[in-house]
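**Student:** Please see the structure below; I have some questions.
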Amino acid sequence: MMDIKDKLELLKKQRQVHSRNQTRSGKILETWERIDRDQDNLTTKEKLQRLIKLTEKKPGPRSPRPAPEIPPEPAQPFQVFENSYGLQVRYGRTVLGSGLEIKGEVLSFLGRSAEFEPLDLASALIIDLETTGLAGGTGTVPFLVGMGFYRDGLFRVVQYFLHDLAEEGAMMKELGRFFQEMDFRSIITYNGRAFDLPILETRFILHRQRLRLAGLPHLDFLFAARGLWKHKHENCRLFNLAREVVQADRSEDIPSAEIPHRYFEYIRSGDFSLIEPILYHNQEDILSLLGLVITGATLSAEGRQDEFISEMADAMDLYGLGNMFARAGQREQSARLFQRALEGRLTEEVALRAKKKLSHHYKKEGKWEEAVAIWQDMTSQNQISSYRELAIHYEHREKNYEEAIRIVEEGLALSRELDSGLHQDFSLRLKRLKTKQRGGPAKAK
């Protein structure tokens with residue numbers, strides 16, 4: 001059986017094309033946006049006819065050639081493509097079928113919503129749109145609706161592609177039937193709350209239909225991904241995290257900004273080779289998102305255990321998990337993960353963040369010995385706030401004014417250049433401490 005890498009590589013080779021002239025593509029997109037903005041009285045079909053007329057290339061001289069014996073068949077209004085993968089197939093370092101082992105409790109944790117508690121990935125729909133524009137709005141049309149889901153022992157990728165903008169209503173109607181028949185219980189996207197779902201719901205409304213997906217529990221994994229990996233990787237683009245986290249062997253097949261240009265060029269020319277890389281890109285995004293969800297869910301599930309055993313996690317991942325548990329209000333798990341992270345290899349910046357969060361937790365729990373140890377460690381890195389915390393501790397809890405004065409004097413010297421606000425705080429604190437040390441009255445602060 002062909003594995004997923006070979007299958008995708010074959011698909012990619014079948015769909016590779018040379019990039020078209022960007023200047024002309026930009027002109028086509030600009031013309032469409034102008035027509036869509038200024039000609040509200042026209043139907044979509046009339047706008048499309050005007051687009052073709054305004055951007056049509058004038059035929060130049062060419063050598064005569066015989067007419068084809070059989071005229072080409074007219075294009076379908078829309079077309080459905082499907083690829084299916086076995087549950088044992090690997091995408092990067094994730095096994096596709098392992099998504100079926102993810103419990104609703106973990107999905108609730110990632111999505112920060114109790115709605116996922118009775119659900120799992122077996123009934124979820126992963127959805128990703130390719131549109132005529134990246135800014136959204138009522139003039140933005142989803143010409144490709146890509147969907148991934150589990151059915152009949154397979155992970156299926158189904159793509160609805162719109163050949164004719166004037167027939168968008170027909171594709172939306174068929175999509176509505178598909179959603180009703182499949183009866184998905186939740187949806188998963190990447191930045192779908194801000195982009196994919198509002199656009200799709202707008203198009204359904206414009207065609208007098210109700211989008212069944214709109215009321216379902218929605219896991220927009222962009223937010224979980226940022227919590228888990230923003231501190232570790234250069235950016236949280238889906239493509240980048242697929243390579244870095246899932247370790248998928250995918251290349252930047254087509255820039256997202258180029259996709260609308262290609263579609264309008266296809267509308268003008270009918271050259272489907274312009275679209276083939278977009279289909280490939282969309283399918284890769286769906287598989288990449290599934291891989292990220294599986295990875296994030298696996299880390300989150302194991303993060304609840306006393307002994308973290310996952311081979312896919314390092315100290316930076318443990319810090320990200322600590323953030324996730326902290327946001328969920330699970331402070332003990334969060335502190336345990338920060339402590340484990342500090343035992344590993346963190347960047348200096350992330351290590352400081354972990355220490356601050358861990359010391360805050362110990363302070364809140366009244367674990368002063370642990371908190372003081374961290375604050376003392378942070379003073380060696382010239383962290384002014386740690387001097388203040390130590391000064392407060394020795395003055396008010398230990399009543400050790402001599403040690404408090406020593407700490408304040410060190411903080412005063414550092415804060416002169418680093419923090420004018422704390423410099424004033426240390427100055428006032430030093431005066432009060434010296435008064436207390438002499439046995440005179442002083443108002444505690």
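The values are calculated or read from the model by the stated rules, or taken from the named source; none is laboratory data. Note that the coordinates shown come from a computational prediction; the quantities given were computed from them, not determined experimentally. Glycine also receives a Cβ, built like all others from the backbone with ideal geometry; neighbour counts cover every protein chain displayed.
**Student:** Just checking, which of ARG432, ARG336, ARG406 is within 27 Å of MET316 (Cβ to Cβ) and outside the structural domain of ALA224 (by TED's automatic domain parsing)?
**Tutor:** Answer to the selection: ARG336.
**Student:** Oh, and also: Any chance the range 260-272 includes a residue that's of a type in the set (Phe, Trp, Tyr) and free of Cβ contacts under 8 Å to residues at least 12 places away in the same chain? Please lay out each step first, then the result.
**Tutor:** So in the range 260-272, the residues of a type in the set (Phe, Trp, Tyr) come out as 263-264, 266, 272.
Of the ones still in play, those that are also free of Cβ contacts under 8 Å to residues at least 12 places away in the same chain are 266, 272.
Checking the range 260-272: at least one residue is of a type in the set (Phe, Trp, Tyr) and free of Cβ contacts under 8 Å to residues at least 12 places away in the same chain.
**Student:** Working only within the range 126-172, note down all residues that are touching a strand residue (DSSP E or B) at 6+ places or on another chain (Cβ under 8 Å), more than 15 Å from VAL80 (Cα to Cα) and surrounded by fewer than 19 Cβ atoms within 10 Å (Cβ to Cβ).
**Tutor:** GLY153, LEU154
**Student:** Now, a different point. Restricting to the range 214-245, name every residue that is out of contact with any Leu (no Cβ under 8 Å at 6 or more places or on another chain), in a helix (DSSP H, G or I) and closer than 22 Å to THR347 by Cβ.
**Tutor:** If the condition is that a residue be out of contact with any Leu (no Cβ under 8 Å at 6 or more places or on another chain), in a helix (DSSP H, G or I) and closer than 22 Å to THR347 by Cβ, then ARG226, GLY227, ASN240, ARG243, GLU244 are the ones that fit.
**Student:** Condition first: crowded, with 19+ Cβ neighbours inside 10 Å, among the small types (Gly, Ala, Ser), modelled with pLDDT of 95 or more and touching a strand residue (DSSP E or B) at 6+ places or on another chain (Cβ under 9 Å). Can you find one or more residues in the range 173-188 that meet it?
**Tutor:** Yes, the range 173-188 contains a residue that is crowded, with 19+ Cβ neighbours inside 10 Å, among the small types (Gly, Ala, Ser), modelled with pLDDT of 95 or more and touching a strand residue (DSSP E or B) at 6+ places or on another chain (Cβ under 9 Å).
**Student:** To continue, here is another question. Taking the criterion of being free of Cβ contacts under 8 Å to residues at least 12 places away in the same chain and over 29 Å from ARG90 (Cβ atoms), would at least one residue in the range 315-330 satisfy it?
**Tutor:** yes
**Student:** Now for a separate question. Name every residue in the range 102-137 that is out of contact with any Pro (no Cβ under 8 Å at 6 or more places or on another chain) and small (Gly, Ala, Ser), in order of residue number.
**Tutor:** Within the range 102-137, SER108, ALA114, ALA122, SER123, ALA124, ALA135, GLY137 qualify.
**Student:** Got a sec? Which helices (runs of 4 or more DSSP H) wholly within the range 331-445 have at least 3 residues that are among the basic types (Lys, Arg)?
**Tutor:** On the way: elements: 331-342, 348-365, 368-379, 384-392, 401-418, 420-437.
Answer list for the range 331-445: 331-342, 348-365, 420-437.
**Student:** Go over the candidates ILE286, ILE259 one by one and state the one that is within 18 Å of GLY148 (Cβ to Cβ), within 25 Å of the chain's Cα centre (by Cα) and crowded, with 21+ Cβ neighbours inside 10 Å.
**Tutor:** Just one listed residue meets the conditions, ILE286.
**Student:** I would also like to ask the following. Within the range 391-411, track down each residue that is buried (at least 19 other Cβ atoms within 10 Å of the Cβ) and not aromatic (Phe, Trp, Tyr).
**Tutor:** Answer for the range 391-411, where residues must be buried (at least 19 other Cβ atoms within 10 Å of the Cβ) and not aromatic (Phe, Trp, Tyr): ALA391, HIS393, GLU395, ALA404, ILE405, ILE407, VAL408, GLY411.
Residue-by-condition table, conditions (1) in contact with a helix residue (DSSP H, G or I) (Cβ under 8 Å, 6 or more places away or on another chain); (2) at pLDDT 90 or above; (3) surrounded by 22 or more Cβ atoms within 10 Å (Cβ to Cβ); (4) under 15 Å from ALA341 (Cα atoms):
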| site | (1), (2), (3), (4) |
| --- | --- |
| GLN247 | no, yes, no, no |
| GLY303 | yes, no, yes, yes |
| GLU307 | no, no, no, yes |
| ALA326 | yes, yes, no, yes |
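**Student:** Could you give me the residue pairs with C-beta distances under 7 Å whose first residue belongs to the range 121-140 and is within 19 Å of TYR263 (Cα to Cα), whose second residue is surrounded by 24 or more Cβ atoms within 10 Å (Cβ to Cβ) and of a type in the set (Gly, Ala, Ser) wherever it lies, and which are 6+ apart or on separate chains?
**Tutor:** What qualifies is ASP128/GLY146.
**Student:** Might you let me know whether the range 268-280 holds any residue that is among the β-branched types (Val, Ile, Thr) and surrounded by fewer than 18 Cβ atoms within 10 Å (Cβ to Cβ)?
**Tutor:** No, the range 268-280 contains no residue that is among the β-branched types (Val, Ile, Thr) and surrounded by fewer than 18 Cβ atoms within 10 Å (Cβ to Cβ).
**Student:** Now, a different point. Kindly evaluate SER415 against the criterion of being in contact with a Leu (Cβ under 6 Å, 6 or more places away or on another chain), of a type in the set (Ser, Thr, Tyr) and without any contact (Cβ under 8 Å) to a residue 40 or more places away in the chain.
**Tutor:** Taking the combined requirement at face value, the residue satisfies it.
**Student:** Return yes when ALA354 is aliphatic (A, V, I, L, M), outside the structural domain of GLU389 (by TED's automatic domain parsing) and touching a Phe, Trp or Tyr at 6+ places or on another chain (Cβ under 6 Å) and no when it is not.
**Tutor:** Values: aliphatic (A, V, I, L, M): yes; outside the structural domain of GLU389 (by TED's automatic domain parsing): yes; touching a Phe, Trp or Tyr at 6+ places or on another chain (Cβ under 6 Å): yes.
Yes, satisfied.
**Student:** Against the definition (surrounded by fewer than 18 Cβ atoms within 10 Å (Cβ to Cβ), more than 30 Å from GLY227 (Cβ to Cβ) and either in contact with a Leu (Cβ under 7 Å, 6 or more places away or on another chain) or of a type in the set (Asp, Glu) (or both)), how does GLU343 come out, yes or no?
**Tutor:** no
**Student:** Additional query: Within the range 294-307, is there a residue that is part of a helix (DSSP H, G or I), closer than 22 Å to GLY104 by Cβ, without any contact (Cβ under 8 Å) to a residue 40 or more places away in the chain and of a type in the set (Gly, Ala, Ser)?
**Tutor:** no
**Student:** When you scan the range 137-159, how many residues do you find that are over 18 Å from ARG210 (Cα atoms) and at pLDDT 95 or above?
**Tutor:** Final tally of qualifying residues: 16.
**Student:** Look through the range 189-200, keep the residues that are touching a strand residue (DSSP E or B) at 6+ places or on another chain (Cβ under 9 Å) and in a helix (DSSP H, G or I), and return whichever of them is farthest from VAL157 (Cα to Cα).
**Tutor:** Out of the qualifying residues, it is ILE199.
**Student:** Inspect all residues belonging to the range 201-213 and state whether any of them is touching a residue at least 24 places away in the same chain (Cβ under 8 Å), in contact with a Ser or Thr (Cβ under 8 Å, 6 or more places away or on another chain), part of a helix (DSSP H, G or I) and in the same structural domain as GLY291 (by TED's automatic domain parsing).
**Tutor:** The answer is yes, given that some residue of the range 201-213 is touching a residue at least 24 places away in the same chain (Cβ under 8 Å), in contact with a Ser or Thr (Cβ under 8 Å, 6 or more places away or on another chain), part of a helix (DSSP H, G or I) and in the same structural domain as GLY291 (by TED's automatic domain parsing).
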